[in-house]
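Below is one structure; the comments refer to it alone.
The values are calculated or read from the model by the stated rules, or taken from the named source; none is laboratory data. Quantities reported herein were computed from a predicted structural model and do not represent experimental measurements. With ideal geometry, Cβ positions are generated from the backbone for all residues, glycine too; neighbour counts draw on all protein chains shown. Surface areas here come from the heavy atoms of the whole protein model, side chains and all, with no ligands, DNA or RNA. Shrake-Rupley method; radii C 1.70, N 1.55, O 1.52, S 1.80 Å.
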Amino acid sequence: MNAELTRNNDSKAYYTFRDEEKEVEFKRHDMPTPWMNYLSNGTFHTMLSHAGGGVAFYKSPQIWRITRYRFFHLPMDRSGPYIYVQDAKTGSYWCPTSEPALDKPEEWKSAHGMGYTRFEAKRGGIAARTVYFVGPHENSLIWNLNLTNEGTEAKELKVYAYAEFGMMEFMRELQWQCYNKHQVSVQYHEGEALVYRYGVENQPKPEETPLVYLAADTPLAGYDGDREEFIGSYRSETNPAAIENGGCTGSTLLGGDPCGALQFNVTLQPGESRTINVFLGTATDETEVSRAIFHSREAGFVEASFQALKENWSGYLGAWESRLPDQDAERMINIWNPYQAHRNFLFSRNISFYATGTFRGVGYRDTAQDILSVVPFDTELALDKLKLLLGQQYRDGHVNHYFFPNEGWEPVTSIHSDDHLWTALSAWDLLAETGDAAFLQAKVPYYDGGEGTVYEHLRAAIDFTASQLGSRGFPLMLRSDWNDQLFRVCREGKGESIWTSMQLGTVLLRMIDLAAAAGHPEDTVRYGAMYELQRELVNSIGWDGRWFRRAIMDDGRFLGSDEHDEAKIWLNAQTWATISGMADVDKGLQAMDSVREMLDTELGIKKIHPSITTFPDPADPLTNYNKGTGENGAVFCHANTWAIIAECLLGRGDLAYKYYRQLLPNVAMDKAGLWRYKAEPYVYASNLFGPESDKFGLANVSWLTGTAAWMYVAVTQYILGVKPVLNGLSIDPCIPADWEGFTVKRRFRGCVYDISVTNANKVCKGVKSITADGVLLEGNILPAYPGRSSVKVEVVL
Ligand code: GLC
């Protein structure tokens with residue numbers, strides 16, 4: 001990369017959004033980092049970059065990783081499912097993905113869409129269009145390649161499809177590849193395919209480990225199953241030996257470094273086009289492999305798969321469509337935010353360009369929050385996930401922190417003060433979305449035996465917290481609360497979390513509804529009393545004078561107090577004081593004013609201030625993160641979402657919108673500069689380096705972050721104010737005063753609410769009137785309309 005390029009921060013030179021197509025298009029392959037997409041049918045997945053690098057896995061990247069991706073290694077973004085196009089006469093070759101061959105296309109662009117990534121490239125009169133996607137009908141990555149001869153002479157081409165197979169168990173590959181690699185094989189299958197078998201001993205689930213096939217719908221001119229033969233030594237994907245030496249060698253592999261390479265020889269007359277489809281897939285056994293390949297080669301299979309993918313996404317995203325005065329926000333809300341949130345729901349925090357997919361399985365806390373953003377789109381998916389989580393709960397109400405439903409590994413059992421409480425929020429949202437309380441009676445097993453109804457699980461969570469209060473009356477911190485690092489000041493088990501008290505309060509308000517809906521009115525009184533008690537504590541012991549304190553440390557001192565020099569103020573305690581409804585009005589406002597004064601930056605709100613270097617003890621500081629990074633004074637985007645909600649609850653729409661807009665990824669990127677921001681401009685990152693870092697604005701850990709779910713909730717339910725509640729759809733926007741209005745089409749309980757909001761009075765908040773199909777409504781909650789397909793709603797602020 002040359003110096004001139006690194007200074008070019010003009011994002012238009014790199015990408016554009018194509019909102020009609022729900023795509024983002026890339027103009028350069030040499031982005032600051034790989035900008036990823038996830039292709040998936042829920043079982044077979046591929047993470048693929050804008051330049052063709054990426055990794056495929058079946059169900060689990062821990063134990064069934066199919067291809068190899070070299071996390072953190074140079075060259076960046078290797079390997080991937082690559083195609084090489086070679087001029088048979090001259091021998092020169094290039095890749096439609098631009099990477100990894102040295103010869104670059106003369107014209108090139110790529111794009112990520114909903115569940116697919118496409119590449120369009122030209123070189124030497126040959127145009128190549130490739131679409132990669134995972135269709136719903138087979139567990140395979142489909143590489144749909146179309147070649148056209150745009151020149152005036154016939155062209156003889158050699159075309160190669162290549163993927164490097166790794167050991168499926170990535171961690172064991174790192175540890176013991178020297179011997180285990182001799183237990184894998186790549187064989188030529190009679191149906192013109194390569195079949196990779198991962199036969200390594202002591203796998204967690206050998207009977208469920210699939211075979212991997214690489215096949216095409218075009219006759220093969222050659223193949224290789226041995227990476228050494230195809231790539232050669234002291235070479236890489238940039239200059240494969242087989243391609244330079246005239247073609248594939250016909251290697252198979254019984255032990256060694258596996259790969260799949262297919263060769264096709266194609267002659268194209270001027271103007272002629274040819275399509276080659278390649279399938280990288282999994283199947284349970286040889287018979288299934290044959291069946292899957294046969295099926296994939298049937299005429300129309302690829303087109304039908306792509307069509308079905310498109311329909312699935314338009315059905316899913318069809319639950320919501322808004323038109324706003326702010327196009328950046330509109331695009332995010334209608335397209336990329338729900339798309340990202342869905343990927344979080346699928347992958348938890350497991351595998352991304354930043355996370356290696358080796359140990360994080362499903363996080364209880366993380367996934368419980370992800371559910372919130374899937375409820376509006378697919379309540380069945382959401383309920384299944386809720387039950388999966390509740391299956392990780394013990395009879396006493398606490399839960400496993402991470403668990404491994406695919407891998408069958410032992411869960412991580414550390415007990416946190418917040419984990420088990422999150423699920424009540426998802427359950428309440430499900431109830432509000434469907435209006436049907438029946439699921440609260442569904443039976444779900446406890447992790448340590450026996451079973452209980454969904455409601456009993458939720459009640460057990462409250463009971464657990466009630467049994468774990470500290471000497472001041474707040475919930476004990478236990479291993480941590482939402483802020484992962486807090487164990488450092490609570491190791492002795494005496495520390496208490498003031499934030500968890502606020503989370504508990506938020507949950508108790510929901511539990512009062514859930515208890516009533518589940519037929520347990522006796523619990524509502526108890527929950528109300530608990531809430532009152534915690535509320536008093538928060539406003540007394542929890543109040544520091546200008547903001548709320550964060551915790552009480554083992555040594556009895558407060559964390560998040562003006563009396564210290566570092567980590568005086570923590571964002572979460574200010575936002576949740578209001579979200580929970582606990583803060584006395586003046587304190588809630590004052591606390592959020594302190595957020596604005598002390599934590600807000602032009603690139604988002606910092607999690608704490610000032611950053612920690614020596615607190616509370618230079619020999620054992622609360623965190624090892626450098627100033628301004630990660631959990632220490634960075635802009636933690638996930639926690640910013642709660643500031644947006646809190647400001648909406650306080651009615652300050654301009655401020656709420658400032659907090660929302662400044663973190664829109666493309667907006668933040670433009671402000672920070674593309675080469676500083678680095679991550680994708682279409683999905684949220686977990687955090688941005690804060691102003692105390694010399695890399696202020698560097699975005700980190702994109703894609704998989706609770707930011708996605710909560711931003712979605714914050715903007716749709718609080719800023720736009722369209723929020724399902726138990727008795728209908730509540731409309732209570734809190735917008736910038738200068739907005740003239742906006743519209744939303746939202747699917748709710750089987751009916752499409754076509755809502756148009758006008759704001760001639762230039763207010764932030766306050767619904768003056770609502771009519772539904774011309775009929776004036778009392779209050780601001782729209783009822784359900786069973787049997788109706790649509791209703792026209794006019795809202796005046
Ligand atoms: C990460 C974790 C999440 C945690 C947060 C704050 O995002 O995935 O569980 O709550 O960091 O520590």
message: Can you report the number of residues in the range 293-313 which are of a type in the set (D, E, K, R), within 17 Å of Tyr132 (Cβ to Cβ) and touching a residue at least 60 places away in the same chain (Cβ under 8 Å)?
response: 1
field: Failed criterion for Glu522 (all others in (1) away from the ligand (no atom under 15 Å from the Cβ); (2) of a type in the set (D, E, K, R); (3) touching a residue at least 24 places away in the same chain (Cβ under 8 Å) hold)
entry: (3)
Which numbered condition Leu381 misses (of (1) open to solvent by 10 Å² or more (accessible area, probe 1.4 Å); (2) over 12 Å from the mean Cα position of the chain (by Cα); (3) within 16 Å of the ligand (Cβ to nearest atom)): (3)
query: Take the residues of the range 337-346 that are closer than 10 Å to Leu704 by Cβ and surrounded by 24 or more Cβ atoms within 10 Å (Cβ to Cβ): which is farthest from the ligand (Cβ to nearest atom)?
result: Gln340
- line: Ala355 passes all but one of the listed conditions (1) crowded, with 23+ Cβ neighbours inside 10 Å; (2) under 24 Å from Asp77 (Cβ atoms); (3) of a type in the set (A, V, I, L, M); the exception is number (1)
- request: Would you kindly identify the strands (runs of 3 or more DSSP E) lying entirely within the range 39-135 that contain at least 1 residues that are modelled with pLDDT of 95 or more and open to solvent by 20 Å² or more (accessible area, probe 1.4 Å)?
  value: 54-58, 82-87, 107-113, 116-123, 126-134
field: Tally of residues being under 28 Å from the mean Cα position of the chain (by Cα), part of a strand (DSSP E or B) and of a type in the set (A, V, I, L, M, F, W, C) across the range 556-613
entry: 3
- prompt: Got a sec? Which of Gly528, Gly604, Gly581, Gly545 is surrounded by fewer than 21 Cβ atoms within 10 Å (Cβ to Cβ) and in contact (Cβ under 8 Å) with a residue 60 or more places away in the chain?
  reply: Gly581
query: In this structure, does Phe264 turn out to be over 18 Å from Ser140 (Cα atoms) and open to solvent by less than 10 Å² (accessible area, probe 1.4 Å)?
result: yes
Every residue from the range 624-653 that is touching a helix residue (DSSP H, G or I) at 6+ places or on another chain (Cβ under 7 Å) and among the hydrophobic types (A, V, I, L, M, F, W, C): Cys637, Ala639, Trp642, Ala643, Ile644, Ile645, Ala646, Cys648, Leu649, Leu650
message: I'm checking my understanding of the structure. Among residues of the range 483-517 that are open to solvent by 10 Å² or more (accessible area, probe 1.4 Å) and of a type in the set (Gly, Ala, Ser), which one is farthest from the ligand (Cβ to nearest atom)?
response: Ala516
task: Would you mind finding the one in Val362, Val375, Val278 that is within 30 Å of His457 (Cα to Cα), at pLDDT 95 or above, more than 16 Å from the ligand (Cβ to nearest atom) and β-branched (Val, Ile, Thr)?
output: Val375
- prompt: Which residue, of Asp617, Asp670, is more than 12 Å from the ligand (Cβ to nearest atom), touching a residue at least 60 places away in the same chain (Cβ under 8 Å), surrounded by fewer than 20 Cβ atoms within 10 Å (Cβ to Cβ) and not assigned by TED's automatic domain parsing to the domain that holds Pro736?
  reply: Asp670
task: Hey, can you tell me all the residues within the range 674-704 that are more than 15 Å from the ligand (Cβ to nearest atom), hydrophobic (A, V, I, L, M, F, W, C) and open to solvent by 10 Å² or more (accessible area, probe 1.4 Å)?
output: Trp675, Phe689, Phe696, Leu698
message: Would you confirm, using the coordinates I've provided, whether Ser480 is at pLDDT 95 or above, within 16 Å of the ligand (Cβ to nearest atom) and farther than 26 Å from Phe377 by Cα?
response: yes
- line: Of (1) hydroxyl-bearing (Ser, Thr, Tyr); (2) in contact (Cβ under 8 Å) with a residue 60 or more places away in the chain; (3) in the same structural domain as His398 (by TED's automatic domain parsing), Tyr447 satisfies every one except (2)
task: Go through (1) farther than 17 Å from Lys385 by Cα; (2) more than 12 Å from the chain's Cα centre (by Cα); (3) open to solvent by less than 20 Å² (accessible area, probe 1.4 Å); (4) within 16 Å of the ligand (Cβ to nearest atom) one by one and return the number of the condition Ile333 breaks.
output: (4)
- line: When the range 626-661 is checked residue by residue, the ones that are small (Gly, Ala, Ser), within 14 Å of the ligand (Cβ to nearest atom) and either surrounded by fewer than 24 Cβ atoms within 10 Å (Cβ to Cβ) or at positive phi (or both) are Gly630, Gly633
- request: Filter the range 312-330 down to the residues that are farther than 23 Å from Arg661 by Cβ and not in a loop (DSSP other than H, G, I, E, B), then identify the one that is most open to solvent (accessible area, probe 1.4 Å).
  value: Asn312
message: Can you confirm whether Ala708 is within 12 Å of the ligand (Cβ to nearest atom) and either without any contact (Cβ under 8 Å) to a residue 60 or more places away in the chain or in a helix (DSSP H, G or I) (or both)?
response: yes
query: Yes or no: Thr623 within 16 Å of the ligand (Cβ to nearest atom), of a type in the set (Ser, Thr, Tyr) and either closer than 21 Å to Arg479 by Cβ or open to solvent by 20 Å² or more (accessible area, probe 1.4 Å) (or both)?
result: yes
task: Tell me which of these Pro724 doesn't satisfy, since it passes every other one: (1) more than 16 Å from the ligand (Cβ to nearest atom); (2) touching a helix residue (DSSP H, G or I) at 6+ places or on another chain (Cβ under 9 Å); (3) part of a loop (DSSP other than H, G, I, E, B).
output: (3)
task: Within the range 391-422, track down each residue that is under 22 Å from the mean Cα position of the chain (by Cα) and either crowded, with 23+ Cβ neighbours inside 10 Å or over 24 Å from Phe44 (Cβ atoms) (or both).
output: Gln392, Asn400, His401, Tyr402, Phe403, Pro411, Val412, Asp418, Asp419, His420, Leu421, Trp422
query: Given the structure, is Ala591 of a type in the set (A, V, I, L, M), at pLDDT below 95 and within 30 Å of Asn700 (Cβ to Cβ)?
result: no
- request: List every residue pair whose Cβ atoms lie under 6 Å apart, where the two residues are 6 or more positions apart in sequence or sit on different chains, the first residue falls within the range 363-381 and is in contact (Cβ under 8 Å) with a residue 60 or more places away in the chain, and the second residue, located anywhere, is more than 10 Å from the ligand (Cβ to nearest atom) and in a loop (DSSP other than H, G, I, E, B).
  value: Pro376/Ala319; Phe377/Ala319
query: Which residues, taken from the range 614-637, are among the hydroxyl-bearing types (Ser, Thr, Tyr) and either over 13 Å from Ser693 (Cβ atoms) or more than 23 Å from the chain's Cα centre (by Cα) (or both)?
result: Thr614, Thr623, Tyr625
- prompt: Out of the range 457-477, which residues are away from the ligand (no atom under 16 Å from the Cβ) and assigned to a loop (DSSP other than H, G, I, E, B)?
  reply: Ser467, Gln468, Gly470, Ser471, Arg472, Gly473, Phe474
